[in-house]
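So the structure is just underneath, and the comments pick up after that.
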Amino acid sequence: QYINLRITIKKKKNYGRLIKRLKYKLHLKNIVLQKSDKNKVFHLGKLDDYHKKSEEYMDKTKVYKCLGTEDPLPDLIRRTNKYLLDLRLAKWITQKQYEKLCINSNEVELAHLYYLPKAHKPGTPLRPIISGLKHPTIKISKFLDELLRPLFDKMALKSTVNSGFELVKQLQEWSKDNMRQ
């Protein structure tokens with residue numbers, strides 16, 4: 001048993017070394033090894049292609065921008081915490097809610113955009129993914145969801161949508177009935 005354990009440990013060390021060597025060699029050749037979008041497979045692609053497709057996506061959507069060395073996080077934290085304090089002082093939220101929602105700079109990071117290759121499609125387009133689980137406003141988002149979810153669920157029970165056209169029609173009717181109040 002002792003010998004088997006030593007062999008297993010040695011194999012794991014060798015796998016670790018092998019992976020490091022592969023990463024280094026791929027880096028030298030400007031090749032990216034990335035998990036693919038749908039399948040449990042990996043995709044090898046040229047780094048330049050990833051950069052080009054990323055820039056094309058950002059140019060096309062005009063929604064994202066590279067921040068470079070700019071870091072808006074401290075200002076976002078400061079402004080959000082000030083707004084929460086204003087809500088607390090105006091008694092719109094309780095002290096407990098204020099403490100729960102306040103942002104600790106050690107626990108947050110900016111949301112970021114990354115891509116997974118769609119290896120099953122011609123030309124291997126990229127699927128954009130936004131990672132925002134540690135975004136400064138995530139606690140506020142969860143708080144609002146908890147607050148509004150019961151109302152939404154109650155309202156959603158009253159309606160069924162079978163098509164996009166029907167959805168637009170129901171939204172227009174809801175607007176007529178509720179926006180006048």
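How many residues does the stretch 54-78 contain that are loosely packed, with under 14 Cβ neighbours inside 10 Å and farther than 24 Å from PRO117 by Cβ?
First, pick out the residues of the stretch 54-78 that are loosely packed, with under 14 Cβ neighbours inside 10 Å: 55-56, 59-63, 65-72, 74-75, 78.
Next cut, farther than 24 Å from PRO117 by Cβ only: 68-72, 74-75, 78.
Final tally of qualifying residues: 8.
Assuming SER141 fulfils every condition listed in (1) over 30 Å from LEU76 (Cα atoms); (2) of a type in the set (S, T, N, Q); (3) not in a loop (DSSP other than H, G, I, E, B) apart from one, which condition is it?
The number of the failed condition is (1).
Six or more apart or on different chains, Cβ atoms under 7 Å: show the pairs whose first residue is in the stretch 149-168 and outside any helix (DSSP H, G or I) and whose second is at pLDDT below 80 and surrounded by 10 or more Cβ atoms within 10 Å (Cβ to Cβ).
Here the result reads SER159/GLN170; VAL161/LEU167; VAL161/GLN170, each pair linking the stretch 149-168 to a residue that is at pLDDT below 80 and surrounded by 10 or more Cβ atoms within 10 Å (Cβ to Cβ).
Got a number for residues in the stretch 64-115 being of a type in the set (Asp, Glu) and more than 23 Å from the chain's Cα centre (by Cα)?
Step one: filter the stretch 64-115 for residues of a type in the set (Asp, Glu), giving 70-71, 75, 86, 99, 107, 109.
Then drop every residue that is not more than 23 Å from the chain's Cα centre (by Cα), which leaves 86, 99.
Selection size over the stretch 64-115: 2.
Here's a check for you: in the stretch 34-50, which residue that is in a loop (DSSP other than H, G, I, E, B) and either under 21 Å from the mean Cα position of the chain (by Cα) or within 12 Å of LEU126 (Cβ to Cβ) (or both) is modelled with the lowest pLDDT? Give the steps one after another, and end with the answer.
Initially, the stretch 34-50 is screened for residues in a loop (DSSP other than H, G, I, E, B), giving 36-41.
Add one more test, that the residue is either under 21 Å from the mean Cα position of the chain (by Cα) or within 12 Å of LEU126 (Cβ to Cβ) (or both), and what stays is 36-40.
Details: SER36: 79, ASP37: 74, LYS38: 74, ASN39: 70, LYS40: 76.
Here the answer is ASN39.
Specify the residue that is modelled with the lowest pLDDT; the eligible residues are those in the stretch 113-169 that are surrounded by 14 or more Cβ atoms within 10 Å (Cβ to Cβ) and aromatic (Phe, Trp, Tyr).
The residue in question is TYR115.
Can you find a residue that is more than 28 Å from LYS65 (Cβ to Cβ) and hydrophobic (A, V, I, L, M, F, W, C) anywhere in the stretch 120-141? Show your work before the answer.
Initially, the stretch 120-141 is screened for residues more than 28 Å from LYS65 (Cβ to Cβ), giving 120, 122.
Okay, now just the ones that are also hydrophobic (A, V, I, L, M, F, W, C), so none.
Within the stretch 120-141, none of the residues are more than 28 Å from LYS65 (Cβ to Cβ) and hydrophobic (A, V, I, L, M, F, W, C).
The values are calculated or read from the model by the stated rules, or taken from the named source; none is laboratory data. Quantities reported herein were computed from a predicted structural model and do not represent experimental measurements. Reconstructed Cβ throughout: ideal geometry from the backbone, glycine too, with neighbour counts over all protein chains shown.
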